[in-house]
Structure formats: C-alpha cells, structure tokens
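Notes follow once the structure below has been shown.
The values are calculated or read from the model by the stated rules, or taken from the named source; none is laboratory data. Computed from a predicted model, the values in this text were never measured in an experiment. We place every Cβ from the backbone using ideal geometry, glycine too, and count neighbours over all the protein chains shown. Surface accessibility is based on the protein's heavy atoms, side chains included, excluding ligands, DNA and RNA. Shrake-Rupley method; radii C 1.70, N 1.55, O 1.52, S 1.80 Å.
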Amino acid sequence: MRIIVVGGTGLAEQVADALHRAGDEVTVIDTEPGRESVLAQAGLRAMYGDALVPSTLEEAGALRADALVACTQSDEDNLVISLLAKKRFNIPRVIARVNDPVNDGLFGHSWGVDALVSPATSLVSMIRHES
C-alpha cells in the first residue's frame, strides 16, 4: 500500500516505521525542519512541508495514495488534513489521531475521517474493561 503519514515525531514516526517494516510504501510529511533527514536515515521517505497546503499533499503522492494517517499533535490540523485527503484527493482510507478526547465526536465522515485513533479514550476504555 502507498500510505502518507502526516506528523514526524512520536506516534507518527512509530506508525510510519511499522508500516514501512511491514512492506508498505510510506511517505512522511513533517513541519519540523531537518526531520526529513532523520526519518530518511531510518529508511523512510520523508519530506518537509505543511500538509494543510494541498500542493504539499500532492507532492507527497496524495493522488495515488491508498491511505493517509493524520497524526499531528493538533486536532484542528488533523481534521483539515483529513478533509483535504478525502474530498480533494479522494484517498480511499483516512485515519486521524484525536489528541483531546473532547473532540472525538468531530472526527467523522463529514470531515473525511474513516477511522479515528484516540490514545486517551483507548486507554480509559481498556482500564475500565479490565475492572
């Protein structure tokens, strides 16, 4: 699969690395200057840019991507990136990270999100189901 991961540190880097090791063609977009060379050393295709700008997504391969993971530390950015990915580039599968569980309800099909990942909500759910 051809997958774009937006966000180049923490969870985004871990996801991109795992997908790459599984054999997927992964491109990482990061807004932090210099991160692309660090990610490239790990074997990832990476680029510096702002995924809120459509030309950046296009340069990353959005027109032929099978999936996009919006995994920045900003819920607002993840929503807009998801919308661009789905509505402008017709990326078939869009997954978005939710940083603040209060925003879980915003991340739906109307914003182009096929699936959401909310680390805090997932942890709380796991804890509550173990009791």
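Hey, got a sec? Which GluC sites (Glu not before Pro) in the stretch 1-54 land in a DSSP loop and have at most 11 other Cβ atoms within 10 Å?
Working: sites: E13, E25, E36; in loops: none.
Sites meeting the loop and neighbour criteria: none at all.
For A67, neighbours were defined as the other residues whose beta-carbon sits under 12 Å from its Cβ, and their charges (Lys and Arg +1, Asp and Glu -1) total 0.
When the gyration tensor of the stretch 33-123 is built from Cα positions, what are the square roots of 5 times its three eigenvalues, in whole Å, from largest to smallest? Don't jump to the answer; show the numbers that get you there.
Working: eigenvalues 97, 56, 24 Å².
Listed largest to smallest, the semi-axes of the stretch 33-123 are 22, 17, 11 Å.
Tally Lys and Arg at +1 and Asp and Glu at -1 over the other residues with C-beta under 14 Å from the C-beta of G43: what net charge comes out? So the surrounding residues net to -3. Across the accessible surface of the chain, with the other protein chains kept in place and a 1.4 Å probe, carbon and sulfur atoms take up 54 percent. Among L84, L68, L11, the residue with the largest mean-square fluctuation in a Gaussian network model of the chain, with springs joining Cα atoms closer than 10 Å, is L11.
Using the 1.4 Å probe convention, the accessible area of the chain works out to 53 Å² per residue with neighbouring protein chains retained.
Summary value for the stretch 1-62: 31 percent relative contact order, contacts being C-alpha pairs under 8 angstrom separated by 6+ residues. Modelled spin-label separation between D66 and Q41, with each label point placed 7 Å from Cα along the Cα-to-Cβ direction: 3.0 nm.
Given an 8 Å cut-off on Cα distances and at least 6 residues of separation, report the relative contact order of the chain as a percent.
20
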